[in-house]
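Structure record follows, encoded as structure tokens.
Nothing in this text is a laboratory measurement; each read-out follows from the coordinates by a stated rule. Quantities reported herein were computed from a predicted structural model and do not represent experimental measurements. Backbone-built Cβ (ideal geometry, glycine too); neighbour counts: all protein chains shown.
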């Protein structure tokens, strides 16, 4: 009889423990970082953390090569979704008014001195730099790549020091424009991209891009910079900087046409120091 009572008490205690969540697990689950997010969700959050869906910004591109003078270009940037982009060159004076325009799958370059437009490819180098048009005009990677989590909690050294990251493998979706394979390291807490490595189908690394210099305006990123290492052209050094990033609820359609690029003459305020 005593043995039966002990058994009943033990069973009741086990039932109570099963119903009560462990304190440690409840505490850990309170924060968003503890949620086991899927790879597509991580990638979507990382896409929006850098450049909002509709955005206006400024950015600069600097290309350096040993024995040659450094070349820098600066642009007014406009983005609507991820199918429409306009980059309007305002520096240097010799390139003023030159435009780079993406409308859906077509990418155009407008040359004001010749009053001519040239169609180009997403694979082409952007102004002979270590960046391609795909790098600067295809920012919502979740649209073009299938993502898989390789590892979580990976320590990666970026431009701002070490970060604990998700390691994602991205492979181009069937029929989508893009690289064969990208390995992306995304900070676990803020979903900021820290590093990307780009590969061919055969596994050869093409380049790596390190991210950093993040400036925050409230909860959103207002500035960041890139440093690009080109494995195929190690003598070239490319860097880029983005600032005055502003999310726009609506982005006027007028910016995204060749006629607008030909005729627009914006009043460009001096860059802030």
- Where does each of 218-225, 185-192 land if you order them by average Cβ count within 10 Å, highest first? 185-192, 218-225
- Message: Only Cα pairs within less than 10 Å get springs; with that Gaussian network setup on the chain, which residue of 140, 197, 253 has the largest fluctuation?
- Response: 253
- Task: Could you tell me how many degrees, from 0 to 90 and to the nearest 10, lie between the Cα long axis of helix 39-50 and the main elongation axis, the longest principal axis, of the Cα atoms of the chain?
- Result: 50
- Message: Roughly how far apart, in whole Å, are the Cα centres of the stretch 177-228 and the stretch 92-155?
- Response: 15
- Item | Segment residue 93-residue 190, extension gain: residue separation times 0.36 nm, minus the distance between their alpha carbons | 31.1 nm
